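Peer 1: Have a look at the structure that comes next, please.
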Amino acid sequence: MLNIKEFKKYGYEFIDWIANYYSNIENYPVKSQVQPGDIYSKLPDKPPLKGETIEEIIKDFNEIIIPGITHWQSPNFYAYFPANTSFPSILAEMLTSALGVQGMKWETSPAAAELEELVMNWLKKMTGIPDNFDGVIQDTASTSTLAAVLTAREKYSGFKINKSGFQNNKFRVYCSTETHSSIEKAVKIAGIGKNNLIKIKTDNNFGLIPELLEDAVQKDLSKSKKPLCIIATLGTTSSTAVDSLKLISNISKKYDIWLHIDAAYAGNSLILPEYKWMLEGIENADSIVFNPHKWLFTNFDCSAFFIKEKEYLIRTFEIIPEYLKTVSDAKKVNNYCDWGIPLGRRFRALKLWFVIRNYGIEGIQDTLRKHISIAKNLEEEIKKDNRFEILAPVNFNLICFRYNPGNIDEETLNNINESLMHNLNKTGKIYLSHTKLNGKFTLRIVTGQTYLRIENVRKAWELIKETINNILSDFVSLS
Ligand SMILES: *Cc1c(COP(=O)(O)O)cnc(C)c1O
């Protein structure tokens with residue numbers, strides 16, 4: 001067990017480790033190349049009876065754990081959406097773990113509660129989310145959306161389901177066919193049932209078609225169903241499509257339906273004036289979530305959830321057993337354990353505060369714009385090569401594309417593009433992921449790593465062109 005002197009010695013060594021890691025991060029294979037079970041089988045299956053030294057542990061960390069790591073912070077990581085971090089965020093996380101605060105109530109650490117309130121208010125000013133919304137940090141967008149659906153359920157049931165459970169479920173929830181799977185999860189957990197989640201078709205740009213939404217609402221009303229909640233997405237996971245909040249919010253207002261906005265990834269771009277148009281209609285919305293842990297250089301987890309009528313949220317979640325009663329309950333403080341599902345809460349506001357202060361709004365804007373311009377640049381390169389095609393509008397910094405030189409059938413194209421992706425990822429030089437758009441196997445490249453440079457993306461594009469040339473001979477039908 002470490003004493004404070006040893007802690008200090010290793011502490012400095014660990015900082016050196018982290019600095020070296022970031023200096024050399026591009027030398028690791030981006031996607032871990034291990035096979036299932038490789039890591040587990042290399043480790044003793046019994047915990048040690050006697051304590052081991054940090055040297056012994058770090059040796060295994062370097063030799064066994066690191067090969068099984070996929071390097072999410074590598075600038076050559078283009079898969080999924082990023083979960084990016086930054087040096088100020090890492091430094092702040094060290095302090096958070098040192099303080100080891102459990103910030104469930106104001107009284108269990110007043111600074112944790114008040115800093116959370118402050119940074120959430122900063123985010124409102126930065127993004128244009130209206131002042132009459134209140135913010136709280138949740139672990140993920142999935143949790144935030146679940147909190148929104150549960151709150152809508154309680155508001156529209158008069159808090160009866162919390163009390164007596166479901167009697168006769170008439171609720172319906174609406175989203176688009178491109179909506180994130182966390183919405184279906186929330187609807188299932190909230191007891192509304194996946195069959196009562198109505199998925200509305202999308203247009204050519206993969207945005208929800210508002211007219212079809214209104215038709216679905218009217219149809220449900222005529223069947224004595226109760227339209228409960230609409231989920232609009234700003235930046236879908238497949239292709240970063242943007243639903244028309246303006247038109248959807250007219251419908252939610254007209255029929256008095258809860259409107260939740262899932263802006264998990266692209267909500268971060270609201271910090272740029274050129275994206276503020278996406279919020280048109282927000283005044284009629286009830287809640288919105290976006291994840292600083294995706295594209296705001298703040299390491300996982302940190303999900304910013306905002307709600308217009310926090311009273312409904314708190315009434316949905318608040319439980320005060322005797323052992324949690326504090327003097328502060330009577331005062332005007334935020335006890336964030338009443339604003340969501342878990343009782344225990346990490347001090348997550350600290351890292352966000354460090355990031356916003358260290359970057360400044362301008363620093364954040366410059367970095368976001370750099371990521372967006374790198375994406376535009378790659379889009380242009382892809383368009384210049386007529387063997388490839390772009391499959392969705394590049395609204396932010398996600399490029400959806402595939403190899404398609406013409407005159408190859410769709411099934412073979414899907415196979416070629418899937419093979420292209422696996423071959424690229426096998427090189428360890430880049431890591432990208434895929435989606436399906438209109439049945440087409442689509443490669444996704446997201447240019448959102450904190451320390452990404454244009455040279456990384458240039459090299460990635462060269463590698464893609466090289467790799468496609470190498471694999472084409474595998475497809476017999478083409479030879
Ligand atoms: C990533 C994502 C989510 C889920 O985010 P978590 O924080 O991992 O739960 C939800 N919606 C959209 C649009 C996303 O891109």
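Peer 1: Quick one: in region 178-204, of everything that is assigned to a helix (DSSP H, G or I) and within 14 Å of the ligand (Cβ to nearest atom), which residue is surrounded by the fewest Cβ atoms within 10 Å (Cβ to Cβ)?
Peer 2: Checked region 178-204; the qualifying residue surrounded by the fewest Cβ atoms within 10 Å (Cβ to Cβ) is 181.
Peer 1: Kindly provide the set of residues from region 283-321 that are crowded, with 22+ Cβ neighbours inside 10 Å, away from the ligand (no atom under 16 Å from the Cβ) and under 13 Å from residue 124 (Cα atoms), ordered by number.
Peer 2: Of everything in region 283-321, just one residue is crowded, with 22+ Cβ neighbours inside 10 Å, away from the ligand (no atom under 16 Å from the Cβ) and under 13 Å from residue 124 (Cα atoms), namely 307.
Peer 1: Same structure again: Could you say whether any residue in region 150-169 is under 23 Å from residue 269 (Cα atoms), within 16 Å of the ligand (Cβ to nearest atom) and surrounded by 15 or more Cβ atoms within 10 Å (Cβ to Cβ)?
Peer 2: No, the conditions are met nowhere in region 150-169.
Yes/no matrix, rows are residues, columns are (1) among the acidic types (Asp, Glu); (2) in a loop (DSSP other than H, G, I, E, B); (3) more than 16 Å from the ligand (Cβ to nearest atom); (4) outside the structural domain of residue 375 (by TED's automatic domain parsing):
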{"residue": "8", "(1), (2), (3), (4)": "no, no, yes, no"}
{"residue": "13", "(1), (2), (3), (4)": "yes, no, yes, no"}
{"residue": "24", "(1), (2), (3), (4)": "no, no, yes, no"}
{"residue": "52", "(1), (2), (3), (4)": "yes, yes, yes, yes"}
{"residue": "59", "(1), (2), (3), (4)": "no, no, yes, yes"}
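Peer 1: Still on this structure, please answer the following. For a quick check of your reading of the model, give me the residue pairs whose first member lies in region 98-117 and is crowded, with 17+ Cβ neighbours inside 10 Å, whose second is aromatic (Phe, Trp, Tyr) and not in a loop (DSSP other than H, G, I, E, B), with beta-carbon atoms closer than 8 Å and at least 6 apart or on different chains.
Peer 2: Within 8 Å, the pairs are 103/336; 104/336; 105/336; 113/106; 113/336; 115/353; 116/336.
Peer 1: Check residue 270 against each of (1) surrounded by fewer than 22 Cβ atoms within 10 Å (Cβ to Cβ); (2) among the aliphatic types (A, V, I, L, M); (3) closer than 17 Å to residue 126 by Cα; (4) in contact with a Ser or Thr (Cβ under 7 Å, 6 or more places away or on another chain) and name the one condition it does not meet.
Peer 2: Just one mismatch for residue 270, condition (1).
Peer 1: Which members of region 272-308 meet the condition of being free of Cβ contacts under 8 Å to residues at least 40 places away in the same chain and of a type in the set (D, E, K, R)?
Peer 2: Answer for region 272-308, where residues must be free of Cβ contacts under 8 Å to residues at least 40 places away in the same chain and of a type in the set (D, E, K, R): 274, 280.
Peer 1: Given 194, 185, 155, 199, which one is in contact (Cβ under 8 Å) with a residue 40 or more places away in the chain and more than 22 Å from residue 338 (Cβ to Cβ)?
Peer 2: 185
Peer 1: Filter the strands (runs of 3 or more DSSP E) completely within region 352-468 down to those with at least 1 residues that are in the same structural domain as residue 135 (by TED's automatic domain parsing), at positive phi and touching a helix residue (DSSP H, G or I) at 6+ places or on another chain (Cβ under 7 Å).
Peer 2: none
The values are calculated or read from the model by the stated rules, or taken from the named source; none is laboratory data. As the structure is a prediction and not an experimental result, all values here were calculated from the model. Here the Cβ is made from the backbone with ideal geometry for all residues, glycine too, and neighbour counts use every protein chain on show.
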